[in-house]
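The values are calculated or read from the model by the stated rules, or taken from the named source; none is laboratory data. Please read all numbers here as calculations on a predicted model, not as lab measurements. Here the Cβ is made from the backbone with ideal geometry for all residues, glycine too, and neighbour counts use every protein chain on show.
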Amino acid sequence: MTTRQSTTSLQGMPIRDYHESLWETVPEGIRPPYMQARLDFLLAHVPPGARVLDVGCGEAWFTAALAQAGREAVGIDVAEEPLRRARAREPGLDLRCVPAEGEWSSLGDVSFDAVWAGEVIEHVADTAGWLSQVRRVLRSGGALVLSAPAHALLTRLALGLSGRAFAAHFDPRSDHLRFYTRRTLVALLQDFGFERIETRAVGGSIGFLPPRQVLLAAARRRRF
């Protein structure tokens, strides 16, 4: 499926420059939060030898971990800066830059056994186009495994009770464009032809801050 291209971000700059500017604010070498819990969940749904696409790989921490665990991993991102950092740390990885919108033209149809997207889907403007690309590259019966910030009941209540926390969480300048609960994520995946959906939450509260939980999900591309 081809999606309509947008040449500018919400901030008015070219999309490519926008994503590069975001990475300028991220210190190098920061490991993803809850990495071990997320990796354990991912490896439980992707067997050894599987060809896995790490979508939005960033500095490719998960791409490297997949390769070390005996999976054939390919990482893609829409910004060159995190890929530069990853190549310097792990020069043997297969890492590619793709357009922020539209087709991932360098990736063939049904060419992966699994797709992993860690903390990515909440940043996507064209969710339908993005999931269409995931389905295109994923073989029939293949696994989609992803994580996203969770918005369970306690999180929503905590945000509602604190004006400051609510304003920070939903800051219109943030690069988080979507906000998922278990129910909305499951419904979205079902709408796009995924089945056998499993979800789990990891994380918890830190002091008086709203609960910081990550929603994990695994699903299978429906066979035709």
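Values computed for the structure shown
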| read-out | value |
| --- | --- |
| Segment 186-202, residues that are at negative phi and in contact with a helix residue (DSSP H, G or I) (Cβ under 9 Å, 6 or more places away or on another chain) | LEU188, LEU189, ASP191, PHE192, PHE194, GLU195, ILE197, GLU198, THR199, ARG200, ALA201, VAL202 |
| Hey, GLY58 crowded, with 18+ Cβ neighbours inside 10 Å, within 18 Å of GLY142 (Cα to Cα) and within 13 Å of the chain's Cα centre (by Cα) or not | no |
| Identity of the residue in segment 39-55, exposed (fewer than 14 other Cβ atoms within 10 Å of the Cβ) and among the small types (Gly, Ala, Ser), that ends up farthest from the chain's Cα centre (by Cα) | GLY49 |
| Strands (runs of 3 or more DSSP E) fully within segment 20-136 counting 1 or more residues that are closer than 22 Å to ALA217 by Cα | 51-55, 72-77, 112-118 |
| Whichever residue in segment 22-38 is in contact with a strand residue (DSSP E or B) (Cβ under 8 Å, 6 or more places away or on another chain) and of a type outside the set (A, V, I, L, M) and, among such residues, is surrounded by the fewest Cβ atoms within 10 Å (Cβ to Cβ) | PRO33 |
| In segment 137-154, the residues that are in a helix (DSSP H, G or I), over 23 Å from MET35 (Cα atoms) and out of contact with any Leu (no Cβ under 7 Å at 6 or more places or on another chain) | LEU153 |
| From the options GLU72, GLU24, GLU59, residue that is of a type in the set (Asp, Glu) and in contact with a helix residue (DSSP H, G or I) (Cβ under 6 Å, 6 or more places away or on another chain) | GLU59 |
| Hey, VAL46 touching a residue at least 60 places away in the same chain (Cβ under 8 Å) and of a type outside the set (Ser, Thr, Tyr) or not | yes |
| Residue in segment 198-211 that is surrounded by 13 or more Cβ atoms within 10 Å (Cβ to Cβ) and at pLDDT 95 or above present | yes |
| Set ALA69, ALA88, ALA64, ALA100: member being under 26 Å from SER21 (Cβ atoms), surrounded by fewer than 17 Cβ atoms within 10 Å (Cβ to Cβ) and out of contact with any strand residue (DSSP E or B) (no Cβ under 7 Å at 6 or more places or on another chain) | ALA88 |
| Residue that is modelled with the highest pLDDT [pool: residues in segment 1-19 that are among the charged types (D, E, K, R) and under 29 Å from ASP109 (Cβ atoms)] | ARG16 |
